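What follows is a single structure, written as C-alpha cells, with notes after it.
The values are calculated or read from the model by the stated rules, or taken from the named source; none is laboratory data. Owing to the predicted nature of the structure, the values given are computational and were not obtained by experimental measurement. Don't worry about glycine lacking a Cβ; one is built from the backbone with ideal geometry, like all the others, and counts go over all protein chains shown. The protein model used for the area step is the full one, side chains on, heavy atoms only, and it has no ligands, DNA or RNA in it. Shrake-Rupley method; radii C 1.70, N 1.55, O 1.52, S 1.80 Å.
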Amino acid sequence: IRDEESGYNKNLFCIPKHYEEDLERVFIPHGLILDRTERLARDIMQDMGSHHIVALCVLKGGYKFFADLLDHIKALNQNGDKSVPVTVDFVRIKSYQ
C-alpha cells in the first residue's frame, strides 16, 4: 500500500458496531486478504513439492490467518494431484519485540 493511498470509505463495508467509532477507512478489504492467503497456500504447496510441511502458529494474534491458510492448504491437498503431509504446532511468545 502506497503512503498516499486513501483507502476505502468504511460505509462500503459491514463494520462491527464496536469498531465503528475507531475506524476511519478500510485499506485492505477482507476479500483481498482471503485471495492473497489462498495464493500464499498455492505458493507454499508449489515450493514445498512433496516435502512434509511443518506449520507453526504464533499465538494469539496469528490464529485466524493461520487457520485460513491451513484451510486453503487442506483444500489443495484434497483436490490436487498430490497430497503433502502437514504437521501443525503452536507457540506462545511473551513479547513481539
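Key figures for this structure:
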{"quantity": "Test result for Leu76, over 13 Å from Glu38 (Cβ atoms) and either surrounded by 10 or more Cβ atoms within 10 Å (Cβ to Cβ) or modelled with pLDDT under 90 (or both)", "calculated": "no"}
{"quantity": "Residues of segment 1-19 satisfying the condition of being outside any helix (DSSP H, G or I) and among the hydrophobic types (A, V, I, L, M, F, W, C)", "calculated": "Ile1, Phe13, Cys14, Ile15"}
{"quantity": "Residue under evaluation Leu56, criteria (1) touching an Asp or Glu at 6+ places or on another chain (Cβ under 7 Å); (2) at pLDDT 95 or above, criterion not met", "calculated": "(2)"}
{"quantity": "Set Asp47, Asp22, Asp35, Asp68: member being at pLDDT 85 or above, out of contact with any helix residue (DSSP H, G or I) (no Cβ under 9 Å at 6 or more places or on another chain), open to solvent by less than 100 Å² (accessible area, probe 1.4 Å) and of a type in the set (D, E, K, R)", "calculated": "Asp35"}
{"quantity": "Hey, Leu23 in a helix (DSSP H, G or I) and not β-branched (Val, Ile, Thr) or not", "calculated": "no"}
{"quantity": "Among (1) closer than 29 Å to Arg2 by Cα; (2) touching a residue at least 24 places away in the same chain (Cβ under 8 Å); (3) of a type in the set (S, T, N, Q), the one test that Thr87 misses", "calculated": "(1)"}
{"quantity": "Any hit, segment 7-17, residues being among the aromatic types (Phe, Trp, Tyr) and surrounded by fewer than 11 Cβ atoms within 10 Å (Cβ to Cβ)", "calculated": "no"}
